[in-house]
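All of the numbers you see were taken from the coordinates with simple rules; none came from a lab. Quantities reported herein were computed from a predicted structural model and do not represent experimental measurements. Cβ placement follows ideal geometry from the backbone for every residue including glycine, while neighbour counts extend to all protein chains displayed.
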Amino acid sequence: MSATDTSERRRELYADRWSGFGESAGVKRIYDKPTVEQLQQMELFREYDASFLERQTQDLAFVEWEPDATLFEEGSYLDLAFFIVEGEVELFLEEHERQKQRSGTRTEPIFDFTSMLGSEEESSDPEATSSGDTMLASNLFEQQVVQKKEEDSTPETTLLATMDFNLPYGERKRLGPGEIFGEIGALNGWPQSVTARTATPCTLLQIRLPALRALKKKSDAFKEWVDTTYRERELHSQLRATPLFSDVDPDILDTLAERVELVSCEPDEVLAEQGGTPDALYLVRSGFLKLTTQPGDEPLTVSYLSKGMTLGEVELLIDELDGWRYTVTSVEYSELVRISRADLRALLEAHPTVGERLWRAAVERVKETGYAQKHPEKGELLEFGLERGLVEGNSMLVIDLDVCTRCDDCVRGCAETHGGRPRFVREGEKYENFLVTRACIHCEDPVCLVGCPTGAIHRTDVGEVVDIDDDLCIGCGNCADKCPYDAITMHDTGETWPDDALPSYLQGRDREVASKCDLCYESESGPACVNNCPHSCAFRVGSMDEFQELMDVEHATP
């Protein structure tokens, strides 16, 4: 390939990163990589030096958009933030029907919001209305972790707010030059809470996540700008939707939202050292924190914290403790809310119920630590799960290799349930006598949903299940490339795309589709992989705790 061909190919690849694989409706023009000189003319970048900006240009793009073009829909996952250079963008909410009815029939729209949206009829929260009967985004866009139970039982639900804007339905907000949006969802791995559409012809600077993180880390001013935006748009609603503060007076929450510190941690960054002075209560916005102790020569992992959990309640509530009981390390990029000791004390005086909840959490943390120290094998399993990202999962397929005969009935059962196409491979990571297969673990924050150009990969309305709609999949491979667990594969359907297929580049090509485990969520009998195992050695576990319980049971069985 000549240098000219290589250069042209690089330009094509660069354009495809921003345009939905070259066919994004509404894109008028995508410029070549911005120059340092162009960036330094903008107020946003003036404090950065030229060498730093040059390193970020591969993750920045100026894009011209036609008016009335949809930039993203509510519920979609993005690794982009948008800075308005020229024009105006309109943000709004639209109420959607459930994507899957109880009959199993798909309805529009193509994105699924039922794990985040409730209807006005379903809500009984007295704070879920504003201006009469208007439903607020702060109550609708919530992360729901639903455990599937018997049909006559009530699901258990844990809620955590995940919205960028607090807009009533029917209202619209316009943003103009110099404003940024989408950054909260991108930085935290949350679904976007609004639909964004160009109100006029626009030029947008589109900032991918690596550059967004680098800009925030490099500049205190940029970090303050992003954090201020977060405070104004979302922080109060997040605090209100967190169970810990569910009954706190709104005026007190307003004051608290103004006083808390927003903390960003990088992978492997130590937030607290065992024995150090505890100074605050931390609320995890996103990411994972690992808690370790040093009972002997080697550190022991005793627990981990994820979205919505708190850190520091043990140390701040028990007077006899004068230091952190754990070393706390960020496993990945994590975002935290820091509440000082003084502010926490004032909050507890005004609302004793908050203290009661923290005491319950503290007691559980002490028990958890004691158990882990008595059973170090649990700490080893937690470390395994953290290193391999399994703590993200809501459903892992594990196989007891001491019992398994490698008959592959689990794979055949999966294939028979899905039209001859198996949705997993009986391979993967091993822990002691258990195999964690390369089957989708249905992550809390699924990166595979980021950037799907058609919305084919989506949340269903059954727990945290992520599914792919074959009718919408164009076989681009975006989700398969993003999955860190190699749990999504590309399958040749044996067909070719018709001459009128859109995007046009598909026309005449062999048709491929992405394929992954869907937990057989439309089947009344549950996952076929487990049901078809003749030796009862295939299991579905929803957490590392369940994994540990399974190991305990299997090891205790003679």
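Tabulated data for the structure shown
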item	result
Pairwise FRET efficiency - Glu43 versus Glu554, Cβ, R0 = 56 Å, nearest 0.05	0.40
Computed FRET value (nearest 0.05) for Glu524 with Val366, which takes r as the C-beta separation and R₀ as 51 Å	0.75
Estimated vicinal HN-Hα couplings, Hz - segment 205-215 in sequence order (Karplus 6.51, -1.76, 1.60; Gly, Pro = x)	8, 9, 10, 6, 4, x, 5, 4, 5, 5, 4
Three-way shape label, segment 242-385, alpha-carbon gyration tensor, a/c 1.5	prolate
Calculated FRET efficiency for the pair Thr70/Asp500, C-beta based, R₀ 30 Å, to 0.05	0.85
Charge tally in the Cβ shell below 15 Å around Glu273, where Lys, Arg are +1 and Asp, Glu are -1, Glu273 excluded	-3
Cα centre as origin, Lys/Arg/Asp/Glu Cβ charges: segment 388-556 dipole, Debye	380
Within-12-Å neighbourhood charge of Tyr485 [Cβ basis; K, R +1; D, E -1]	0
For segment 189-237 versus segment 395-417, the gap between their alpha-carbon centres in whole angstrom	44
Unsatisfied cross-links (Cα-Cα over 24 Å) in the set Lys28/Lys223; Lys290/Lys378; Lys28/Lys516; Lys28/Lys216	Lys28/Lys223; Lys28/Lys516; Lys28/Lys216
Dipole magnitude (debye, nearest 20) for segment 242-385, charges at Cβ of Lys, Arg, Asp, Glu	360
Alpha carbon centroid spacing (whole Å) that separates segment 321-342 from segment 25-43	39
Gain upon complete extension [Ala350, Asp402; 0.36 nm per residue less C-alpha separation]	13.1 nm
Relative contact order (%) - criterion: Cα under 8 Å, at least six apart; region: segment 242-385	33
Dipole in debye (nearest 20) - segment 326-419, about Cα centre, beta carbon charges: Lys, Arg +1; Asp, Glu -1	540
Spin-label pair Met490/Glu298, simplified geometry with 7 Å Cα→Cβ offset, distance in nm	4.1
